[in-house]
Amino acid sequence: MGELRPLGDDLTESSRALAQALRELFEGMGVSVRRYAARRRRDPGTFSRYLNGTRLPPWQVIMDLFADLAEHHGTTVTAEAIELVRELYGSAVDAGSSPKHAVELLEQQLADADRVSRRSSVRGDVLGDALLDRTHRIADLEVRLNQLEADRSAERERADKLAAAHPDVSDLLQERDALEAEVSRLGKELREAREQRAAAEARCDLLERQLEAVERPAALPAVPSESEPRNLPRILIVDDQADNLLAMRAVLETLDQDLVTVSSGREALKALLDHDDFAVIIMDVQMPEMDGYETCAHIKRRPRTRDVPIIFLTAMGVDPEHSARGYAAGAVDYISKPFDPWALRAKVAVFTSIYLERHAGR
């Protein structure tokens, strides 16, 4: 795996252009694929496919290449070079986007959520058994302690002798207290496991609906006719980059919804003061002053907006640490840039459908 293989003949023009640019960046460092992959702790086979154009890398992989190349040559990478590769990357993403790709993406998310649900269920069973065992042991200790106390009450005049005959009273009390503390801890862990499983099951249900929306476009919300009143659901899009706002508006306008775009967390909170009937919020994580996590926390603290679903959209990649922090902050979904247009439309369409179902009788 020391040399790069020739680019395949079946690559699209945009994928070939991006792969060629990445190969030029990589070859400028003069190391093998395996050595570089080890340096960045990546799978060499996957990294090789990035350079061969058969797999689209996360944007962070490309930024790492720029950083490593700059370090190797002792110079800085120009903004023009980064922008050129960014344009090639965007073209490759657009060319590779399709319902099939969106289905693969959503199926992977569904598999991850199902795995969390199953693990949480097994952990819940184990914790439940442990909790039951400790509860039974406490009950047994209580019976023994009560018996000792009854003996002492009945024969107070023999209290000293009884205490001498039962020197293990203090030990029993300590054991009971320790078990009660353990029961409290196990109960908390059991509740957390059940909450985690419930959240994972809810994500599974949402992802199954999103898959259905991609595979059967007829499942998307129907566009009202000209004769019907057009009370469109509102979608709030929060991103500090104007290009990203334009891109998301272009993707979501086909769903015929009322799109509201803002460029900061503070503007998002103001928009939610003006209108509290948003069907879903799409929010960038990395923003100056107030990031997505902090903004989400403010939204969840307000009674009028705490139930509005939030989708985090980020260029940091969907690794377990970031996604766990996103779900802990209150997000219902977490997807990475560059986003798949079909997948994003499906996710927004499903939350719009849920919103319309909840407000159908009002």
- Message: assigned to a helix (DSSP H, G or I), of a type in the set (Gly, Ala, Ser) and modelled with pLDDT under 75: is that true of residue 198 in this structure?
- Response: no
- Among the residues of region 54-66, how many are open to solvent by 40 Å² or more (accessible area, probe 1.4 Å) and within 16 Å of residue 31 (Cα to Cα)? 0
- Note on residue 19: of the conditions (1) open to solvent by less than 20 Å² (accessible area, probe 1.4 Å); (2) at negative phi; (3) modelled with pLDDT under 90, unmet is (3)
- Message: Being aliphatic (A, V, I, L, M), over 25 Å from residue 243 (Cα atoms) and either in contact with a helix residue (DSSP H, G or I) (Cβ under 6 Å, 6 or more places away or on another chain) or buried (at least 18 other Cβ atoms within 10 Å of the Cβ) (or both) narrows it down to one residue among 69, 88; which is it?
- Response: 69
- Do you know which residues across region 207-235 are under 11 Å from residue 257 (Cβ atoms), aliphatic (A, V, I, L, M) and either at pLDDT 85 or above or assigned to a helix (DSSP H, G or I) (or both)? 235
- For region 75-84, does any single residue satisfy the condition of being among the acidic types (Asp, Glu), over 31 Å from the mean Cα position of the chain (by Cα) and modelled with pLDDT of 85 or more? yes
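Going by the conditions given, is residue 260 modelled with pLDDT of 90 or more and either not in a helix (DSSP H, G or I) or not small (Gly, Ala, Ser) (or both)?
In short, yes.
Do the conditions hold for residue 95, that is, is it closer than 30 Å to residue 212 by Cβ and either surrounded by 14 or more Cβ atoms within 10 Å (Cβ to Cβ) or free of Cβ contacts under 8 Å to residues at least 24 places away in the same chain (or both)?
yes
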- Note on the structure: Expected output for region 104-131 (first residue farther than 19 Å from residue 211 by Cα, partner basic (Lys, Arg), Cβ below 6 Å, 6+ apart or cross-chain) is 120/197; 121/197; 124/194
- Message: What pairs come out if I take residues in region 36-47 that are in contact (Cβ under 8 Å) with a residue 24 or more places away in the chain and pair them with residues that are open to solvent by 70 Å² or more (accessible area, probe 1.4 Å) and not aromatic (Phe, Trp, Tyr) whose C-beta lies under 7 Å away, six or more apart or interchain?
- Response: 44/1; 44/34
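The values are calculated or read from the model by the stated rules, or taken from the named source; none is laboratory data. What you see is a predicted model; the values in this text were computed from it and never measured. FYI the Cβ positions are ideal-geometry reconstructions off the backbone, even for glycines, and counts take in every protein chain you see. In case anyone asks, the SASA skips ligands and DNA or RNA and just uses the protein heavy atoms, side chains included. Shrake-Rupley method; radii C 1.70, N 1.55, O 1.52, S 1.80 Å.
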